[in-house]
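The block underneath contains the structure these notes are about, expressed in structure tokens.
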Amino acid sequence: MHNTGDQIGMFDFCELYPQLEAIGLERSIEPLKTLVADKFNPANHGDIKRWTEALSNLPKLQIQFINLDRDSVQIGSNSNIALADKAQLTDALQEFRPWRKGPFELFGIDIDTEWRSDWKWNRLKDQISPLEGRTVLDVGCGNGYHVLRMAGAGAKLVVGIDPTLLFNMQFQALQRYIQNDRCWLLPITLEEFPEPSAVFDTVFSMGVLYHRRSPIDHLAQLKKLITPGGELVLETLVIDGSVNDILIPEGRYAKMRNVWFIPSAKALEVMLKRAGYKNVRTIDVSPTTVNEQRSTDWMTFESLSDFLDPSDSSKTIEGLPAPKRAIVLAET
């Protein structure tokens, strides 16, 4: 639960490691310490100093309440912040742009992110196994919006991993006020996760699979981390079609360079079964719209409307099927 003392610590994960030991990852702790220290080393990223300064400039505020079980994750209230502090908080938060996943509301400041990530959460939250008391891993979690929603749903421990340092810094900024020691974000990839063991009751992989050159290997890696009888929540791009239909873009897909393959939902289910999963079922297929992914004041770069054919929104700028995403559940 959140506390009212000083922040958990800028890049301080000392409260995470005993929790990892408690679930059986004691052999991962020392390698993780080395990895995390290396990732946050200012010598390895030119923006770390600026981001660290922005973290230091976040005003110290009294937090009356926090609501992680809300579409726009809410931290504090507009009535509990002075105008000068609000201006200082806004300036500091803007140093972490672009904000891609959210939304968030901090002391009346609406961080209108590129993605309405709450839409994805609302599609799956009532269909997955309840997270109350579970250990959870969120692979490729971005800035941790869903990590916070998972904690809000009652998870005992949520570990998010994402190698993009900016997203980790955004999470650090949020944790400056949330101070929840049940949810964490580590700046690593799945491949860097040391000593994988089947310790997580639920593993999420959302928006990751199509970036993998070897998708079945990715599914197998995830399976190694899930407890027997645990659940995988997989969200990825799909195309319409039969069990034999898979799109392999020759070049870019929706201006993205690193999209390797997009299966039909039926083909994806077969892949999960071939990877050893049970009770595989698709619970949602939804087209991505320009209302769900768009440019905002907090993400001013190109977004979905720029990636679609201007004369036919059913196609990408390259003439391929426009983005559609499926959520598939599977058990170990």
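The values are calculated or read from the model by the stated rules, or taken from the named source; none is laboratory data. Predicted model only: the values in this text are computed from it and were never measured. Glycine gets a Cβ as well: all are built from the backbone with ideal geometry, and neighbour counts include every protein chain shown. Surface accessibility is based on the protein's heavy atoms, side chains included, excluding ligands, DNA and RNA. Shrake-Rupley method; radii C 1.70, N 1.55, O 1.52, S 1.80 Å.
Could you list all residues from the range 133-160 that are under 14 Å from G230 (Cβ atoms) and part of a loop (DSSP other than H, G, I, E, B)?
If the condition is that a residue be under 14 Å from G230 (Cβ atoms) and part of a loop (DSSP other than H, G, I, E, B), then G133, R134, A155, K156 are the ones that fit.
Looking at the range 27-47, is at least one residue in contact with a Ser or Thr (Cβ under 7 Å, 6 or more places away or on another chain), over 27 Å from T113 (Cα atoms) and not basic (K, R)? Outline the logic, then answer.
Let us first name the residues in the range 27-47 that are in contact with a Ser or Thr (Cβ under 7 Å, 6 or more places away or on another chain), namely none.
Checked the range 27-47: no residue is in contact with a Ser or Thr (Cβ under 7 Å, 6 or more places away or on another chain), over 27 Å from T113 (Cα atoms) and not basic (K, R).
Could you figure out which of (1) in contact with a His (Cβ under 8 Å, 6 or more places away or on another chain); (2) crowded, with 20+ Cβ neighbours inside 10 Å; (3) over 25 Å from L329 (Cβ atoms); (4) not hydrophobic (A, V, I, L, M, F, W, C) isn't true of R176?
All conditions are met except number (1).
How many residues, within the range 233-248, are of a type outside the set (D, E) and either open to solvent by 20 Å² or more (accessible area, probe 1.4 Å) or touching a His at 6+ places or on another chain (Cβ under 7 Å) (or both)? Break it down into steps so the answer makes sense when it comes.
To start, the set of residues in the range 233-248 that are of a type outside the set (D, E) comprises 233-234, 236-239, 241-244, 246-248.
Filter once more, so that each one left must be either open to solvent by 20 Å² or more (accessible area, probe 1.4 Å) or touching a His at 6+ places or on another chain (Cβ under 7 Å) (or both): 239, 241-244, 246-248.
Number satisfying all stated conditions: 8.
Going through the range 18-54 one residue at a time, which ones are open to solvent by 70 Å² or more (accessible area, probe 1.4 Å) and of a type in the set (D, E)? Explain how you work it out, then say what you get.
Of the residues in the range 18-54, the ones open to solvent by 70 Å² or more (accessible area, probe 1.4 Å) are 18, 21-22, 26-27, 30, 33-34, 38, 42-44, 46, 49-50, 53.
Correct list: E21, E26, E30, D38, E53.
How many of the residues in the range 142-161 are at positive phi and either open to solvent by less than 10 Å² (accessible area, probe 1.4 Å) or among the charged types (D, E, K, R) (or both)? Working first, answer last.
Here is the first cut: in the range 142-161, the residues at positive phi are 142, 144, 154.
Now drop any that are not either open to solvent by less than 10 Å² (accessible area, probe 1.4 Å) or among the charged types (D, E, K, R) (or both), which leaves 142, 144.
Qualifying residue count for the region: 2.
I'd like the full set of residues that are assigned to a strand (DSSP E or B), surrounded by 20 or more Cβ atoms within 10 Å (Cβ to Cβ) and of a type outside the set (G, A, S), limited to the range 216-231.
Of the range 216-231, the ones assigned to a strand (DSSP E or B) are 226-231.
Of the ones still in play, those that are also surrounded by 20 or more Cβ atoms within 10 Å (Cβ to Cβ) are 226, 230-231.
Residues satisfying the conditions are I226, E231.
Kindly list the number of the only condition in (1) open to solvent by less than 80 Å² (accessible area, probe 1.4 Å); (2) touching a Leu at 6+ places or on another chain (Cβ under 8 Å) that fails for N57.
All conditions are met except number (2).
For the subset of the range 195-215 comprising residues that are part of a helix (DSSP H, G or I) and out of contact with any helix residue (DSSP H, G or I) (no Cβ under 6 Å at 6 or more places or on another chain), which member is surrounded by the most Cβ atoms within 10 Å (Cβ to Cβ)? Step through it out loud before you land on a result.
Keep residues of the range 195-215 that are part of a helix (DSSP H, G or I), which gives 209-211, 215.
From what's left, out of contact with any helix residue (DSSP H, G or I) (no Cβ under 6 Å at 6 or more places or on another chain): 210-211.
Details: Y210: 21, H211: 17.
Within the range 195-215, the match that is surrounded by the most Cβ atoms within 10 Å (Cβ to Cβ) is Y210.
Name the single residue that is nearest to the chain's Cα centre (by Cα) among those in the range 132-167 being in contact (Cβ under 8 Å) with a residue 60 or more places away in the chain and over 26 Å from A198 (Cβ atoms).
Checking each candidate, the answer is Y145.
In the range 50-76, which residues are over 22 Å from the mean Cα position of the chain (by Cα) and either at pLDDT below 95 or within 21 Å of F301 (Cα to Cα) (or both)?
Those that are over 22 Å from the mean Cα position of the chain (by Cα) and either at pLDDT below 95 or within 21 Å of F301 (Cα to Cα) (or both): R50, Q62, I63, Q64, F65.
Restricting to the range 296-321, give me the number of residues that are within 26 Å of F167 (Cβ to Cβ), touching a strand residue (DSSP E or B) at 6+ places or on another chain (Cβ under 8 Å), open to solvent by 10 Å² or more (accessible area, probe 1.4 Å) and without any contact (Cβ under 8 Å) to a residue 60 or more places away in the chain. Outline the logic, then answer.
Quick first cut of the range 296-321, residues within 26 Å of F167 (Cβ to Cβ) only: 296-308, 316-317.
Now restrict to residues that are touching a strand residue (DSSP E or B) at 6+ places or on another chain (Cβ under 8 Å): 298, 303-304, 307-308, 316-317.
Of the ones still in play, those that are also open to solvent by 10 Å² or more (accessible area, probe 1.4 Å) are 298, 307-308, 317.
Okay, now just the ones that are also without any contact (Cβ under 8 Å) to a residue 60 or more places away in the chain, so 307-308.
So the count comes out to 2.
Does D71 meet the test of being acidic (D, E) and either under 22 Å from L222 (Cβ atoms) or in a strand (DSSP E or B) (or both)? Don't jump to the end; show me each part of the working.
Numbers: acidic (D, E): yes; either under 22 Å from L222 (Cβ atoms) or in a strand (DSSP E or B) (or both): no.
In short, no.
Considering the range 60-72 alone, what residues qualify as being open to solvent by 40 Å² or more (accessible area, probe 1.4 Å) and closer than 26 Å to A155 by Cβ?
Filtering the range 60-72 down to residues open to solvent by 40 Å² or more (accessible area, probe 1.4 Å) leaves 60, 62, 64-67, 69-71.
Passing the criteria: Q64, F65, I66, N67, D69, R70, D71.
In the range 257-285, how many residues are in a strand (DSSP E or B) and in contact with a Lys or Arg (Cβ under 6 Å, 6 or more places away or on another chain)?
Step one: list which residues in the range 257-285 are in a strand (DSSP E or B), which gives 262-264, 278-285.
Then keep just the ones that are in contact with a Lys or Arg (Cβ under 6 Å, 6 or more places away or on another chain); that gives 280, 284.
Total satisfying the criteria: 2.
Being open to solvent by 40 Å² or more (accessible area, probe 1.4 Å) and either closer than 21 Å to F301 by Cα or among the polar types (S, T, N, Q) (or both) is true for just one of T135, T164, T90, T113. Which residue is that? Step through it out loud before you land on a result.
Numbers: T135 fails: open to solvent by 40 Å² or more (accessible area, probe 1.4 Å); T90 fails: open to solvent by 40 Å² or more (accessible area, probe 1.4 Å); T113 fails: open to solvent by 40 Å² or more (accessible area, probe 1.4 Å).
On inspection, the qualifying residue turns out to be T164.
In the range 116-132, which residues are open to solvent by 10 Å² or more (accessible area, probe 1.4 Å) and of a type in the set (S, T, N, Q)?
Selection gives N122, Q127, S129.
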